[in-house]
Amino acid sequence: MKSSRIFNSRPLILLLFFLLVSCHQQFLPSLDEIRSITGSICIRNVSVIDPVGETVLEGMDIVIRDGVIQSVSPSGEGIAEKTDLEIAGEHFYALPGFVNTHTHLWQHLSRSVSPSEQLQQWIPKVYRPAFHMTDEEFYELNLAACYDALLHGITSVIDWSINADEKKFEQVIAAMIQSGLGGAVTFTHTAVFLPAETQLREFNRVREYALQNDRDLFVAHLPPERIPIPTLYDGILLATTTGVPIAEHILENVQCQRDWLTTVQGYLKDYGDSLQAGDKKFLEEIAATPEPPSIDAIAAMSQNARIILDLIGSSSEERNQYNENDIAYLEALARKTGPTYIPFLEHLGAFDNGYVSIHSAFLTPGDIEIYKKHDIYINHNPESNAYLASGIAPIASYIQAGVPVTIGTDGAASNDRIDMLAAMRLMSHLQKVVALNVPLPEGLDSWGILQSATIEGAKALQQENRIGTIEPGKEADIVLFRAGSFEMQPLTDDPDCLANLIVNSAESRDIFAVLTDGKIRVWNNQLVDMNEELLARRVTQIRDNASSRSIPENKGREWIEEQTVTDTTAIIRYRSIYPNYTADVKITNESEYPLEVSIVLSDTEKAGGLFFSSETKSRFPYKKLFTNSQVKTCSMEFPPGSTFTLKKDSGGNLIQFQASLDNQVHEVLEVTLATDPEWQWSIRAMIYLEIKVKS
Ligand SMILES: [Zn+2]
């Protein structure tokens, strides 16, 4: 009797299947092996998803050398030269890395702190601990956020940072370099209140460091409704003087419109008579705009009515498909628009060097025309706008008008994550909720959304020659999705099917590998050069430390520095000083030149008005800024061989700095901070110290 006849073949088939699966896995190096690999890479026989061509190129070899894509060609037909690593590409779909055009990396500090409030109530809670991180903590926190972004397939960002002292912008850039995350950091003009010329020097110094490392700087002037008009203009001037683009929060919610109206009316009342005719006319027109409805949802309904009217179109043929009375109802609703500042920003020159318009949830039809004229890029953050109950940005209208839309996650405190897959999904869903039975434009299909998340983001960054597509000559910023993943089934041969699955179904666990600049940063869903658990624990520790220091009764930050000056390089320091902050700074002049020490101490950054450029001062007066602020200045000669010290003890609202030369007190600088129950957490002094060769 032949025993094989009665042999049950099922276990054998299963065994073969598992062997086959494990053999496949063997083609892929382990995480440890990947760690030791440097040099050239070939991703062989991979399906390349091409959002620009709206197609999937199957069986391609991507060859990467020196961080750059050398070739993309049908498998076996390209460059024959052997590479240091060959990845079996048949297991993957390759997509250009995501470009996240708006985030606040530092907000990993405040994730989930305030999930149920609108922007204006949310800000104090989220920002409260932000100014109390040490330099090292700020760096580590930004690093954690960079790695989190990479784990989600994000390879470049436009980060909108905060600044509490002179090292912060460099620390964000350093964290991006260390992790391999590309992109740009936004230099918040208002946070760096230095004399105009010194600020410009400081900006150029930081930008040079960024550019040397393939990152860049943008300027942020702060949202117009939150700052005095001269401050806004001074920020715009920094961008126009340096020729760099601006990235700023624009009309994020209805309250921004109300606040803008109050800002303009107040400024006109105080300074209207001293303004140039052109500026005055602009502001008067804004001041005459009706207030937005008192209930935000009505303004949102009005906004939605405009989206639907835009989609229905202006031709009578299209309109005839709909009931006349319904159209009239929409038109009446659409008229409930609030004030805007877009024409004023154009008037001030804000759009001259490129502008990434963050959020932009409440723009008027006229604003859209201005954006078209200046090639402005919209940054859309659907999750953040939903989270903070801000509204649904009318991106269907923007896309229809030809204004490019890019995607951001916003910070991890208004989201609460840094996940472009989730943002893409919500982007399409929210517009459908508004439009219902009215068809959306093509740009909102899955290919359009993938373009927004890749090449359009690259253009907003002004880096479309470097990133945004998988093409020879571009930086190798690539995400490898697992082919055959559970989520992305069933899959047909139609390329649209794969695009739809990436946008609507893929999860971050489907991201197997992430490369930036040709280096593998994520492999098998894990960070290649960092321990995720350690990073996670550190974020919680940093949050505990910063929160503890933000309580006035507790020990605050320490500014301890000991330095010698040996050459002509100037030392520039600017710091946010809370009452419990202590300082012990010692600088010895070992150069052969007499130096000059200049110190400016002021209560709150508003005193920065002192430092506005002469152009700002002459165009937009703001006398109150000076009379209401306490500003103490001192300067002293600092001869060769002597030692300068600056000291502050922990204390109450009286902020006192002692400046000494060779242990002789030269001057005591004092300001008293105001009290404001609501904003107490943000009330701080600013100190600015410059040591340079005496002129
Ligand atoms: Zn933001």
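On the basis of being more than 16 Å from the ligand (Cβ to nearest atom), within 21 Å of residue 357 (Cβ to Cβ) and in a strand (DSSP E or B), does residue 217 make the cut?
Yes, satisfied.
Being part of a helix (DSSP H, G or I), more than 16 Å from the chain's Cα centre (by Cα) and more than 30 Å from residue 510 (Cα to Cα) is the filter here, so list the residues in segment 131-165 that pass it.
131, 132, 135, 136, 137
Tell me which residues, restricted to segment 497-508, are in a helix (DSSP H, G or I), surrounded by 22 or more Cβ atoms within 10 Å (Cβ to Cβ) and among the small types (Gly, Ala, Ser).
Passing the criteria: only 499.
Report every pair of residues separated by at least 6 positions or lying on different chains whose Cβ atoms are under 6 Å apart, first residue within segment 405-418 and closer than 11 Å to residue 108 by Cβ, second part of a loop (DSSP other than H, G, I, E, B) and near the ligand (Cβ under 10 Å from one of its atoms).
Final answer for the pair search is 411/104; 415/409; 418/409.
Filter segment 80-129 down to the residues that are assigned to a helix (DSSP H, G or I) and away from the ligand (no atom under 12 Å from the Cβ) and list them by number.
Across segment 80-129, the qualifying residues are 89, 90, 91, 108, 109, 110, 120, 121, 124, 125, 128, 129.
Return the pair list, or none, for Cβ contacts closer than 6 Å from residues in segment 80-103 that are of a type in the set (S, T, N, Q) to residues that are away from the ligand (no atom under 16 Å from the Cβ), at least 6 apart or on different chains.
From residues that are of a type in the set (S, T, N, Q), the pairs are 83/40; 83/41; 83/42.
Could you look through segment 177-213, keep only residues that are farther than 19 Å from residue 238 by Cα and out of contact with any Cys (no Cβ under 6 Å at 6 or more places or on another chain), and pick out the one that is surrounded by the most Cβ atoms within 10 Å (Cβ to Cβ)?
183
Given (1) surrounded by 22 or more Cβ atoms within 10 Å (Cβ to Cβ); (2) closer than 18 Å to residue 356 by Cα, where does residue 222 come up short, assuming only one miss?
Every listed condition holds for residue 222 apart from (1).
Identify all residues within segment 267-314 that are touching a residue at least 40 places away in the same chain (Cβ under 8 Å) and outside any helix (DSSP H, G or I); write none if there are none.
Of everything in segment 267-314, those that are touching a residue at least 40 places away in the same chain (Cβ under 8 Å) and outside any helix (DSSP H, G or I) turn out to be 275, 276, 289, 290, 291, 292, 293.
Quick one: residue 457 ticks every box in (1) assigned to a helix (DSSP H, G or I); (2) small (Gly, Ala, Ser); (3) at pLDDT below 95 except a single one, so which number is it?
(3)
Would you be able to tell me the number of residues in segment 387-414 that are within 14 Å of the ligand (Cβ to nearest atom) and either closer than 24 Å to residue 298 by Cα or among the acidic types (Asp, Glu) (or both)?
6
If you check residue 285 against the conditions, is it buried (at least 19 other Cβ atoms within 10 Å of the Cβ) and under 30 Å from residue 301 (Cα atoms)?
Taking the combined requirement at face value, the residue does not satisfy it.
Just for strands (runs of 3 or more DSSP E) wholly inside segment 509-585: which have at least 2 residues that are acidic (Asp, Glu) and at pLDDT 95 or above?
558-565
Is there a residue in segment 177-191 that is at pLDDT 95 or above, out of contact with any Leu (no Cβ under 7 Å at 6 or more places or on another chain) and in a helix (DSSP H, G or I)?
For segment 177-191, residues at pLDDT 95 or above, out of contact with any Leu (no Cβ under 7 Å at 6 or more places or on another chain) and in a helix (DSSP H, G or I): present.
Out of all the residues in segment 192-213, is one or more within 16 Å of the ligand (Cβ to nearest atom) and touching a Gly at 6+ places or on another chain (Cβ under 9 Å)? Walk me through it before giving the result.
Quick first cut of segment 192-213, residues within 16 Å of the ligand (Cβ to nearest atom) only: none.
Within segment 192-213 (the criterion being within 16 Å of the ligand (Cβ to nearest atom) and touching a Gly at 6+ places or on another chain (Cβ under 9 Å)), the answer is no, since none of the residues qualifies.
Being at pLDDT below 95 and touching a helix residue (DSSP H, G or I) at 6+ places or on another chain (Cβ under 7 Å) is the filter; apply it to segment 142-165 and report the residue that is farthest from the ligand (Cβ to nearest atom).
164
Does residue 251 qualify as being under 17 Å from residue 120 (Cβ atoms), under 17 Å from the mean Cα position of the chain (by Cα), within 16 Å of the ligand (Cβ to nearest atom) and modelled with pLDDT under 95?
Values: under 17 Å from residue 120 (Cβ atoms): yes; under 17 Å from the mean Cα position of the chain (by Cα): yes; within 16 Å of the ligand (Cβ to nearest atom): yes; modelled with pLDDT under 95: no.
No, not satisfied.
Residue by residue, here is whether (1) under 24 Å from the mean Cα position of the chain (by Cα); (2) crowded, with 19+ Cβ neighbours inside 10 Å; (3) closer than 30 Å to residue 461 by Cα holds:
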{"site": "304", "(1), (2), (3)": "no, yes, yes"}
{"site": "318", "(1), (2), (3)": "no, no, no"}
{"site": "325", "(1), (2), (3)": "no, no, no"}
{"site": "337", "(1), (2), (3)": "no, yes, no"}
{"site": "341", "(1), (2), (3)": "yes, yes, yes"}
{"site": "348", "(1), (2), (3)": "yes, yes, yes"}
{"site": "354", "(1), (2), (3)": "yes, yes, yes"}
{"site": "358", "(1), (2), (3)": "yes, yes, yes"}
{"site": "363", "(1), (2), (3)": "yes, yes, yes"}
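Based on what the data block shows, is residue 437 without any contact (Cβ under 8 Å) to a residue 12 or more places away in the chain, of a type in the set (S, T, N, Q) and either more than 23 Å from residue 145 (Cβ to Cβ) or within 16 Å of the ligand (Cβ to nearest atom) (or both)?
Here the answer is yes, as residue 437 does meet what is asked.
Quick check on segment 301-322. Is at least one of its residues closer than 27 Å to residue 229 by Cβ, of a type in the set (A, V, I, L, M) and modelled with pLDDT of 90 or more?
no
Among strands (runs of 3 or more DSSP E) lying entirely in segment 652-695, which contain 2 or more residues that are more than 15 Å from residue 576 (Cβ to Cβ) and among the acidic types (Asp, Glu)?
The qualifying strands (runs of 3 or more DSSP E) are 664-672.
Scan segment 625-651 for residues that are more than 33 Å from the chain's Cα centre (by Cα) and assigned to a helix (DSSP H, G or I) and report the count.
Result for segment 625-651: 1.
The values are calculated or read from the model by the stated rules, or taken from the named source; none is laboratory data. Because the structure is a prediction, the values reported are computed rather than measured. Cβ: placed from backbone, ideal geometry, glycine included. Neighbour counts: every protein chain shown.
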